[in-house]
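Have a look at the structure below before the remarks.
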Amino acid sequence: MKAIAFDAYGTLFDVFSVTALGEELFPGKGDALAQLWRLKQLQYSMLRSLMGRHRDFWRVTEDALVYTARSLGLDLTPDRRARLLEAYLTLAAFPDVKPGLEALRARGLRLGILSNGEPKMLEAAARSAGIVDLLDDIVSVEEVKIFKPSPRVYQLAPEHLRVHSRDLGFVSSNCWDVAGAASTGLRTFWIQRRAAEPPEELGFTPDHTVSTITDLTALVRG
């Protein structure tokens, strides 16, 4: 293996780190806001792909937030909307991310992000997490204007990381994302962040399942 592409949201960056801000702005509703916001964000990305009506992930994230606030009966003022959206630019990275990437780099692997995220969102989050210097590339679906799990997205990774697909691994904590990558022939690694979470029934299983990114170094050889 010569390179690894990582999903961003839920894999490197904790999308539920917005819960604290949600609780500050809407006491007693922070967890519900974070959970429904993430659900609608994913739902809208997949629906737009099926509709053939692409909208970048920043705007999809905003649309999902507006829906969530209306669904929960929250007063989403312009200031609150801006603060919640800006939180996506500084999402907390999981504790295993930086040491895991450092260990993989030490093995000579090329590393990148392959994400639904809009380029400026991804760059900001990577800089905030202190991992941008560990990455060889940050690849966004904006190049093909369709979201995962479209095969067109996964085909971007070998090109950007300058390796043959057989020499590339794909890592995600979203099992549906792993299935999408596996369906295109990539070697896949599922970061099972919740032990009780079962694999998706999509006909494509991960090649390896681990608990943290730091577990990957025992499975790959640069």
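The values are calculated or read from the model by the stated rules, or taken from the named source; none is laboratory data. Just so it is clear, the structure is predicted and the values come from calculations on it, not from any experiment. Note: ideal-geometry Cβ built from the backbone for every residue, glycine included; neighbour counts use all protein chains shown. When the accessible area is computed, the model is the full protein with side chains, heavy atoms only, and any ligands, DNA or RNA have been set aside. Shrake-Rupley method; radii C 1.70, N 1.55, O 1.52, S 1.80 Å.
The Cα atoms of segment 23-147 give a gyration tensor whose axes a ≥ b ≥ c have a/c of 1.5 or more with a/b no greater than b/c, which makes the shape oblate.
Database remark: amide H of Ala93 closer than 5 angstrom to the amide H of Asp14 (H placed geometrically; neighbours at sequence offset of 5 or more, or on other chains; Pro and chain starts carry no H). Counted residue by residue at 0.36 nm each, then reduced by the alpha carbon distance between them, the extension gain from Leu219 to Leu47 reaches 58.4 nm.
For Arg166 and Val66, a Förster radius of 35 Å and the Cβ-Cβ distance give a FRET efficiency of 0.20, rounded to the nearest 0.05. Taking the accessible area of the chain, probe 1.4 Å, and keeping the other protein chains in place, the carbon and sulfur fraction comes to 50%. Listed by chain and number, the lysines whose alpha-carbon sits under 20 Å from that of Lys148, ignoring those within fewer than 8 places in the same chain, are Lys40, Lys120. What does the charge count near Leu65 come to, summing +1 for each Lys or Arg and -1 for each Asp or Glu among other residues with Cβ under 9 Å from its Cβ? Here the charged neighbours net out to 0. Rolling a 1.4 Å probe across the protein heavy atoms gives the chain an accessible surface of 46 Å² per residue. Could you tell me which of rounded, prolate or oblate describes segment 131-222, using a ≥ b ≥ c as the square roots of the eigenvalues of the alpha-carbon gyration tensor, with rounded for a/c under 1.5 and, failing that, prolate when a/b is larger than b/c and oblate otherwise? Because a/c hits 1.5 or more and a/b fails to exceed b/c, segment 131-222 counts as oblate.
Remark: spin-label model distance Ser128-Arg59 equals 2.2 nm, labels positioned 7 Å along the Cα→Cβ axis. Over segment 75-159, the pair-distance histogram of Cα-Cα distances with 10 Å bins from zero comes to 16, 39, 33, 10, 2 percent, rounded to whole numbers.
The trypsin sites (Lys or Arg not before Pro) of segment 173-222 that DSSP puts in a loop, and whose beta carbon has at most 13 other beta carbons within 10 Å, are Arg194, Arg221.
Each stretch of four or more DSSP H residues adds -39500 (n - 2.57); spread over every residue of the chain, this sum gives -13000 deg cm²/dmol at 222 nm.
Taking a ≥ b ≥ c as the square roots of the eigenvalues of the Cα gyration tensor, segment 1-97 is classed as oblate, since a/c reaches at least 1.5 and a/b does not exceed b/c. Just how far, in whole angstrom, is segment 156-209 from segment 10-24 if you go by their alpha carbon centroids? If we compute the Cα centre of each part, the gap is 23 Å. Between the listed residues Cys175, Met51, Ala124, the Cα displaced farthest toward the positive end of the dipole of the chain, a dipole computed from Cβ unit charges relative to the Cα centre, is found at Met51. Placing unit charges on each Cβ (+1 for Lys and Arg, -1 for Asp and Glu) gives segment 1-107 a dipole about its Cα centre, and among Tyr9, Leu76, Tyr88 the Cα reaching farthest toward its positive end belongs to Tyr9.
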